[in-house]
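Have a look at the structure below, then the notes.
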Amino acid sequence: MEAARESMAALLDAGLFASAQTLGSFLVSSSGASNDAGMSMKAESLVLHGDALYGEKEFRRALNAYKQAMQCSRSIPRQATSNIRSSVSATGRSPSPNSSNLLPFNENEVKFKIALCHSALCEHREALQEMEGIPSKVRTLKMNLMLGKLYRISRNSRSAVVCYKECLRHCPYVFEAITALAEMGLSAKEFSLLFSQAPNRGGKLPSDSLDAQRWWNWYVEAQCCIASHDYKGGLDIYLELMQRFPNNVHILLEIAKVEAIIGRNDEAIMNFEKARLIDPNIMTYMDEYAILLKTKFDYIKLNKLVHDMLHIDPARPETCVALAAMWERKDERKALTYAEKSLRVDDRHITGYIMKGNLHLSLNRPDMAVTDFRGAQELRADLRSYQGLVRAYLALAKCKDALFTAREAMKVMHQSAKALKLVGDVHAISSSGREKARKFYESAIRLEPGFLGAALALADLHVAEGRNREAVTLLERYVRQWADDSVNIKLAQVYAATNMLNDALFHYQCALRINPQNEAAKKGLERLEKQMKGVDPDAPEEDEDNEADDIDADQDDAELL
């Protein structure tokens with residue numbers, strides 16, 4: 001069966017896993033010799049069969065094949081194994097990235113493959129046990145990266161740092177290790193030391209090495225800034241990198257993601273669109289882009305984006321989150337099923353937790369939303385998870401927990417207007433805390449004059465305390481400076497509440513000119529038109545309309561089923 005084993009190795013190298021799997025079933029069931037050489041060949045055949053099953057994503061079967069291979073190998077006496085290995089190594093066969101060529105049985109490589117199967121099945125504890133059985137001296141770059149991820153999942157940060165550092169000593173361009181170490185608090189100076197310890201490959205010229213280290217340092221510094229919530233500092237460095245590497249899709253996406261986190265939605269949308277123009281098949285962070293389009297009520301672009309993502313890769317967690325964003329307007333429960341599916345695909349997908357938490361809030365399930373936002377924070381705390389937690393705690397009337405979370409956000413994100421506004425939101429809940437809320441909102445506006453969220457919150461506070469004139473003055477100042485639909489809507493609502501209906505009509509129309517898809521503006525205008533006709537906008541609809549709604553609801557249920 002030697003020729004068949006060589007053919008199977010060739011099939012695996014060519015990526016023809018289905019054919020390799022079928023051939024493997026013949027190899028592992030062959031009634032070969034029962035001596036030590038025969039057992040060794042069977043162990044190697046089982047590994048090859050496991051590689052084919054892994055390539056077909058049959059992880060449980062692959063795991064079983066690898067474990068059988070280990071049992072066969074261990075049943076052979078050590079002296080006999082060394083004799084067999086020396087005879088096999090004399091053939092001069094070369095290694096393959098998939099370990100598919102015919103090599104002497106390597107127990108550490110098989111342990112690594114067993115760990116990969118456990119990890120693919122989300123059995124992280126079992127994967128970690130296998131990886132820890134591989135001596136540190138023989139761990140490859142892939143092994144150290146895998147072990148670092150597993151340590152991080154098990155919250156053993158100290159061991160994870162050691163593994164990620166080892167990756168960068170081997171190759172400074174392992175960007176997954178850079179991001180992980182930055183999030184775990186490694187300083188830019190410590191990164192530079194690791195770069196200097198990396199081998200100089202290919203005998204590069206000093207000038208070339210200096211240029212590489214310069215932009216590498218910029219990238220590392222940007223990652224450190226963002227990990228420490230210095231979003232402005234990180235953005236500034238990324239913009240410098242864009243000057244050095246124009247049309248770099250990775251940097252464009254990183255810039256857009258940070259802009260989305262801090263609420264610069266228009267700039268984020270523009271950068272996501274630039275990235276898609278350069279690479280229309282990009283999937284990274286496209287769920288973030290989908291959520292932004294939903295907030296802008298741009299459902300035409302959102303539908304086009306989701307259609308493209310389904311065509312590129314329907315199984316990615318980003319596709320599931322984008323589908324959740326698309327369905328949220330029509331059917332929040334169906335949207336929730338897609339958010340949950342994204343986490344079944346990848347249980348460490350942060351955007352999936354954020355989307356799921358917001359949907360649970362919309363469905364009036366704040367207790368479940370708390371679990372979702374905490375899940376996001378355990379992976380990486382950012383402004384959105386803090387905002388979600390505060391909203392969930394306030395919905396549960398847990399004001400102390402909400403205030404503690406908001407203050408924690410303010411401590412973590414130094415000089416952040418968004419964090420100041422979050423503390424103000426908690427104080428604004430009670431009439432006794434409104435004065436404190438006003439001070440936090442005003443501080444946020446002084447820190448970031450263009451922060452519309454704080455201005456809108458302060459206007460709401462003025463209205464709640466009967467200071468409609470102050471609310472109008474504030475909002476009119478922002479309307480003159482920023483062409484934003486949300487400010488026009490808020491101003492229209494204040495005018496409508498004070499019975500200045502013509503002014504309210506003007507600003508609703510302004511909002512719709514800025515964003516024709518804005519649902520809040522459409523509903524507000526519809527309500528205002530009823531007021532102007534002397535009809536109570538809160539009066540229930542006629543019976544016929546209600547019956548029609550019931551029919552529509554039945555149709556929706558049928559579609560969902």
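So, Val370, is that one in contact with a helix residue (DSSP H, G or I) (Cβ under 8 Å, 6 or more places away or on another chain) and modelled with pLDDT of 95 or more or not?
Numbers: in contact with a helix residue (DSSP H, G or I) (Cβ under 8 Å, 6 or more places away or on another chain): yes; modelled with pLDDT of 95 or more: yes.
Yes.
Keeping to region 400-420, report how many residues are assigned to a helix (DSSP H, G or I) and either modelled with pLDDT under 90 or closer than 18 Å to Asp230 by Cβ (or both). Working first, answer last.
Taking region 400-420 as the starting set, the residues that turn out to be assigned to a helix (DSSP H, G or I) are 400-412, 417-420.
If we keep only those that are either modelled with pLDDT under 90 or closer than 18 Å to Asp230 by Cβ (or both) too, we end up with 408-412, 417-420.
Result for region 400-420: 9.
Is it the case, given these coordinates, that Ala471 is in contact with a Lys or Arg (Cβ under 9 Å, 6 or more places away or on another chain) and either assigned to a helix (DSSP H, G or I) or farther than 28 Å from Arg365 by Cβ (or both)?
Values: in contact with a Lys or Arg (Cβ under 9 Å, 6 or more places away or on another chain): yes; either assigned to a helix (DSSP H, G or I) or farther than 28 Å from Arg365 by Cβ (or both): yes.
Spelling it out, Ala471 is indeed in contact with a Lys or Arg (Cβ under 9 Å, 6 or more places away or on another chain) and either assigned to a helix (DSSP H, G or I) or farther than 28 Å from Arg365 by Cβ (or both).
Quickly run through region 187-197 and pick out the residues that are open to solvent by less than 20 Å² (accessible area, probe 1.4 Å) and either modelled with pLDDT under 80 or closer than 13 Å to Cys225 by Cβ (or both). Can you show your working first?
Going through region 187-197, the residues open to solvent by less than 20 Å² (accessible area, probe 1.4 Å) turn out to be 191, 194.
Hit for region 187-197 is Phe191, nothing else.
Looking only at region 115-165, which residues are crowded, with 23+ Cβ neighbours inside 10 Å and touching a residue at least 40 places away in the same chain (Cβ under 8 Å)?
Cys117
Taking Ala290 as meeting all but one of (1) part of a helix (DSSP H, G or I); (2) open to solvent by 20 Å² or more (accessible area, probe 1.4 Å), write down the number of the exception.
If we test Ala290 against (1) part of a helix (DSSP H, G or I); (2) open to solvent by 20 Å² or more (accessible area, probe 1.4 Å), just (2) comes out false.
Can you tell me which condition Glu559 does not meet? The list is (1) surrounded by fewer than 11 Cβ atoms within 10 Å (Cβ to Cβ); (2) modelled with pLDDT of 85 or more, and all the others hold.
(2)
When region 270-287 is examined, which residues are found to be crowded, with 23+ Cβ neighbours inside 10 Å, of a type in the set (D, E, K, R) and within 13 Å of Glu254 (Cα to Cα)?
Of everything in region 270-287, nothing turns out to be crowded, with 23+ Cβ neighbours inside 10 Å, of a type in the set (D, E, K, R) and within 13 Å of Glu254 (Cα to Cα).
Assess whether Gly450 counts as being closer than 25 Å to Thr295 by Cβ, touching a residue at least 24 places away in the same chain (Cβ under 8 Å) and part of a loop (DSSP other than H, G, I, E, B). Steps first, please.
Working: closer than 25 Å to Thr295 by Cβ: yes; touching a residue at least 24 places away in the same chain (Cβ under 8 Å): yes; part of a loop (DSSP other than H, G, I, E, B): yes.
In short, yes.
If you take the residues in region 344-360 that are free of Cβ contacts under 8 Å to residues at least 40 places away in the same chain and open to solvent by 30 Å² or more (accessible area, probe 1.4 Å), which one is nearest to His124 (Cα to Cα)?
Asp346
Considering region 313-324 alone, what residues qualify as being part of a helix (DSSP H, G or I) and either of a type in the set (D, E, K, R) or modelled with pLDDT under 95 (or both)? If you could, list the steps in order and put the result at the bottom.
Step one: filter region 313-324 for residues part of a helix (DSSP H, G or I), giving 317-324.
Passing the criteria: only Glu318.
Out of all the residues in region 476-485, is one or more of a type in the set (Ser, Thr, Tyr) and at pLDDT 90 or above? Quick ask: steps written out before the conclusion?
Step one: filter region 476-485 for residues of a type in the set (Ser, Thr, Tyr), giving 478.
Next, only the ones that are at pLDDT 90 or above stay: none.
For region 476-485, residues of a type in the set (Ser, Thr, Tyr) and at pLDDT 90 or above: absent.
Can Lys341 be described as among the charged types (D, E, K, R), open to solvent by 10 Å² or more (accessible area, probe 1.4 Å) and either within 27 Å of His427 (Cα to Cα) or assigned to a helix (DSSP H, G or I) (or both)?
For Lys341, the condition - among the charged types (D, E, K, R), open to solvent by 10 Å² or more (accessible area, probe 1.4 Å) and either within 27 Å of His427 (Cα to Cα) or assigned to a helix (DSSP H, G or I) (or both) - is met.
The values are calculated or read from the model by the stated rules, or taken from the named source; none is laboratory data. Note that the structure is predicted; figures quoted are calculated from it, not measured. Glycine also receives a Cβ, built like all others from the backbone with ideal geometry; neighbour counts cover every protein chain displayed. What goes into the accessible areas is simple: the full protein's heavy atoms, side chains included, and nothing from ligands, DNA or RNA. Shrake-Rupley method; radii C 1.70, N 1.55, O 1.52, S 1.80 Å.
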